[in-house]
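Take a look at the structure below.
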Amino acid sequence: MAKILQIETATAICSVALSVNGKTISFKEEHGQNLHAANLTLFIDEVVRTAGLSYQEIDAIAVSKGPGSYTGLRIGVSTAKGLCYALDKPLIAIETLEMMAAGYLAQNPDYSGLICPMIDARRMEVYTSIFDLSLNIILPTEAKIIDETSFTDYLAQDTLTFIGDGAAKCAEVLTHQNAKFDEANFNSATYMSRLANKAFSNSKFEDVAYFEPFYLKDFVVTQSKKQQAQG
């Protein structure tokens with residue numbers, strides 16, 4: 001009976017869940033800027049306590065590996081790795097966009113099209129991918145600047161539903177009749193449960209010492225206007 005602690009910090013949502021055999025039994029999450037550093041360990045404590053378990057009873061730690069926010073991913077992965085070291089438990093990494101697509105399908109079991117999760121990057125750029133109903137990858141993960149010609153080949157053939165915090169800003173330019181949008185939150189650790197349980201059953205674990213988040217793009221430090229003026 002796999003008991004897995006799950007952490008999702010790839011976006012502005014700080015989310016923690018605990019699952020048993022692929023079913024969520026306890027979770028805590030909140031949306032807001034700069035929540036992760038202050039709240040993540042508190043959420044973890046609350047979720048474990050609510051589930052009526054001790055930390056040693058947990059079988060593995062699962063973390064959303066990205067792509068997404070550089071800071072959020074760094075905090076989530078470092079916390080997960082710290083727990084794995086302290087508890088001597090295996091680490092499971094879940095691709096963030098796949099988790100989102102799995103969440104959409106869980107909430108929409110009768111859906112029959114393609115799913116395109118989007119994580120806001122900047123301006124009109126998103127981190128995105130496309131999945132079918134079996135979570136097979138139709139379009140590999142990429143950083144993509146969205147315009148009115150984006151995804152035309154896929155939209156010409158099937159319904160394509162865009163989800164995630166990057167999808168809303170694309171609604172004005174993606175106006176094809178087959179383009180659908182769902183503004184619900186799919187960046188939730190609760191949607192990792194089935195994927196994490198499958199990975200655990202297949203012993204698909206990461207090397208805790210060397211594992212790094214999937215940032216997709218290098219982190220760029222920009223100077224403030226004040227610093228530029230001083231330089």
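What the table below lists for this structure:
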quantity: Residue in the range 16-29 that is under 29 Å from GLY166 (Cβ atoms) and without any contact (Cβ under 8 Å) to a residue 24 or more places away in the chain present; calculated: yes
quantity: Residue match in the range 70-78 (condition: crowded, with 21+ Cβ neighbours inside 10 Å and part of a strand (DSSP E or B)); calculated: no
quantity: Check on VAL63, at pLDDT 95 or above, buried (at least 22 other Cβ atoms within 10 Å of the Cβ) and more than 15 Å from the chain's Cα centre (by Cα); calculated: no
quantity: Any hit, the range 44-54, residues being surrounded by fewer than 20 Cβ atoms within 10 Å (Cβ to Cβ), closer than 22 Å to LEU216 by Cβ and touching a residue at least 12 places away in the same chain (Cβ under 8 Å); calculated: no
quantity: Some residue of the range 81-91 being crowded, with 24+ Cβ neighbours inside 10 Å, touching a residue at least 40 places away in the same chain (Cβ under 8 Å) and not basic (Lys, Arg); calculated: no
quantity: Evaluation of TYR104 against (1) in contact (Cβ under 8 Å) with a residue 24 or more places away in the chain; (2) touching a strand residue (DSSP E or B) at 6+ places or on another chain (Cβ under 6 Å); (3) not assigned by TED's automatic domain parsing to the domain that holds LEU135 (one fails), failing number; calculated: (3)
quantity: Tally, over the range 199-216, of residues that are surrounded by fewer than 16 Cβ atoms within 10 Å (Cβ to Cβ) and touching a strand residue (DSSP E or B) at 6+ places or on another chain (Cβ under 9 Å); calculated: 3
quantity: Residue that is nearest to ALA168 (Cα to Cα), among those in the range 130-145 that are of a type in the set (A, V, I, L, M, F, W, C) and either at pLDDT below 95 or part of a strand (DSSP E or B) (or both); calculated: ILE145
quantity: Unique match (being buried (at least 23 other Cβ atoms within 10 Å of the Cβ) and in a helix (DSSP H, G or I)) among TYR191, TYR104, TYR127; calculated: TYR191
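The values are calculated or read from the model by the stated rules, or taken from the named source; none is laboratory data. These figures come from a predicted structure and were not determined experimentally. In this analysis, Cβ positions are derived from the backbone assuming ideal geometry, glycine residues included, and neighbour counts consider all displayed protein chains.
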